[in-house]
Amino acid sequence: MGSLEIKPMEWRVTGMDCGACSAKVRGAVEGLPGVAGVEVALITERLRLRLDDGVTTPAQVEKAVRSLGFGISPKGAAPERVAGVFILPDGTEPAPVAGAAAAPRRARWYHGAKGRLLVVTGGLLALAWAVELTIGGMVAQGAFTLATLLGVAPIARKAWRMVRANMPFTIEMLMSIAAIGALFIGAAGEAALVVFLFAVGEMLEGLASNKARDGIRALADLVPKTARLVVGARIREVPAAQLRIGQTVQVRPGDRIPADGVVSAGTSGVDESPVTGESVPALKEPGAEVFAGSINAEAELRVRVSRAAEDNTIARIVRLVEEAESARAPTERFIERFSRWYMPAVVGAALLVALLPPLLAGALWEVWIYRALALLLIGCPCALVISVPASIASALSSGARAGLLLKGGAVIEAAARTTQVAFDKTGTLTEGRPQVTEVIALAGPETEVLRIAAAVEVGASHPLGGAIVARAEAEGIDWPEARDAGAIPGKGAFATVEGARWSVGAPSLAAEAGVMDQAALAQVQALEGAGKTVVAVFTGERLLGLIALRDEPRADAAAAVRALAEMDVGAVMLTGDNARTGAAIAAQIGLAHQAGLLPEDKVTAINALTKGAQVMMVGDGINDAPALASAHVGIAMGSGTDVALETADGALLRDHVADVVGLLRLSRATMRNIRQNVAIALGLKAVFLVTTVIGFTGLWIAILADTGATVLVTLNALRLLGFRPEGRRGG
């Protein structure tokens, strides 16, 4: 009798390289009794389900997955190792464990099954070609046959496993029938080549998946592994994963904050760009919230933990990426979709041609078997197998030369359908670094304002200070030496310059000093209304001037948005910046905007857009990773973080906003090219299928037709090498 208890279970599944792999795992597991709620995440290699273990045991689930050729192991967490000691969840320290295993290193690409298949098939194909060039005849035919059989053997074994799991028409079965069928009618050379190309595609998919997984790991690594736990008057270094709500940690200047929490002591500027995308550090005083993974920039803070490690901001971003990846239906490879009916139809038609005329009309067996073999060769999807990857390879090569990186054919197909582009602001539509836009002198010349401000800021690490010094250098201003320099955390900097104590900081700091009159305050409000950050240069007695800074739009941003509109593609800006800055930048570029968005809010905005449009998200920061994963296509700017680059489906290596337009043009041209190739391949096959059955064409014509189709689609695909994203050539 089955148990009434339904248990949530989770495993790690290895060896999944594409959407078809995750579909196979899902299909094998969903067929087991007592299994419900199956979720398979390709990038995070996760299998989740609800299991009635009185009906089906976990061991049976694992057996079903292993029978398909995938690896599976229960997911569990080990204690964290810190300085040679394992700290348990209750805070106790067991005896040190000697020789603890290090994190496993990833094997080289050629050590795995797919890598070995690629090496073996490539080597055998090259050897067979060498035999054909030197010896020829039956020896060469035998070499190609041997190369095909050895190459197709592991593919056929996997196809047989799928058959046993009630999934008979897979890409592996298609490849096996195509290769073996080609051998039967003597096209051994072509069979060996197709097997090799299949191995190349499988290998590339595996490499792309591993890169995406590296991005998720890098995101999790933003949270430091250790934390400085305050215990009375002592500070102990403990695993950050074991911090509990209510504990207090010390965060030194330059340290990453180990947990979400509330500042209990100290005042400092905190760089929250990993979470919010803000380019300027935010002032944090007692009572202010801080996020795990953000960087303390200026002074020591004491932070009271408010969320457990598994629920901190970075962990939630990782979960958002995982959920978005699970929810997105992966674009199945074109050949796989087509083979669902094409291969059964061709094989069935060939069997009918071989059997029915002799059985029903007493026709000669030799004649109709010959025609069936010719039909099988005509139906062999060699041209189809080559046509799509040939177009994709040409497009990827053309794109790479133009600085457009796309992670495979599924991305190109999805990008070609894009009707709405969502842009991050900082580092995507803008340069990602503040610049001085105005210098307003209130008591002296503008050069004097810059001269004093640069003297105060020359030793500071704040981005605004760096922008002021850069502006002074650009104008050739020599500033005097400063002494007794210091910082007012989160507000500004001060130093003694030419005998006077000067401060450069927030207008509120000048107001506290009593030097901000109503006229100056009105100017500050006007500048901030234009989306600019304002700093005041003052002493205790007078306000020397104001300096306005802004992260300016990229030079090509407005033109790119106009070009998108000409392509009937909408554009919207999603930013974590404040509403005034967002509105000002959006108006300058000429697109709609949503401001004040945290990562969760960006995901919500993307999800709302995807209900009525095919959405491409373009971003550069870690905070953009969930939105990049939630969109139909996620594209990272090349100067962005590693996490954004690896989570995204592609990247713009030149950091040009106009390259978004080029990417869409290239994707659309590629899909036109693929449709042309499919029409060529299927059109020729349709003609020769009919002429073969009625006896007008024989086996040698069938070989010529199949080879001719392959040559034609390859030549058509090569036209994409001449495509220029800024124009409309090719495809």
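The values are calculated or read from the model by the stated rules, or taken from the named source; none is laboratory data. Predicted, not measured: the structure shown is a model, and the values here were computed from it. For neighbour counting, all protein chains shown are included, and Cβ atoms are generated from backbone atoms with ideal geometry for every residue, glycine included. Protein only, heavy atoms only, side chains kept; ligands, DNA and RNA dropped before computing areas. Shrake-Rupley method; radii C 1.70, N 1.55, O 1.52, S 1.80 Å.
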(request) Test LEU406 against the criterion of being of a type outside the set (D, E, K, R), open to solvent by 40 Å² or more (accessible area, probe 1.4 Å) and at pLDDT below 85, and give yes or no. (result) no
(request) Could you check how many residues of the stretch 512-544 are within 25 Å of LEU301 (Cβ to Cβ) and free of Cβ contacts under 8 Å to residues at least 40 places away in the same chain? (result) 1
(request) Give me a count of the residues in the stretch 412-463 that are on the phi > 0 side of the Ramachandran plot, open to solvent by 20 Å² or more (accessible area, probe 1.4 Å) and touching a Ser or Thr at 6+ places or on another chain (Cβ under 8 Å). (result) 1
(message) Any residue at all in the stretch 650-663 that's open to solvent by 20 Å² or more (accessible area, probe 1.4 Å), under 29 Å from THR419 (Cβ atoms) and at pLDDT 80 or above?
(response) yes
(message) Could you tell me how many of the residues in the stretch 479-527 are within 21 Å of VAL270 (Cα to Cα) and either open to solvent by 30 Å² or more (accessible area, probe 1.4 Å) or small (Gly, Ala, Ser) (or both)?
(response) 14
(request) Go through the residues of the stretch 561-578 one by one and say whether even a single one is without any contact (Cβ under 8 Å) to a residue 12 or more places away in the chain, open to solvent by 40 Å² or more (accessible area, probe 1.4 Å) and not in a helix (DSSP H, G or I). (result) no
(request) Tell me which of these LEU609 doesn't satisfy, since it passes every other one: (1) under 23 Å from VAL661 (Cα atoms); (2) part of a helix (DSSP H, G or I); (3) open to solvent by 50 Å² or more (accessible area, probe 1.4 Å). (result) (3)
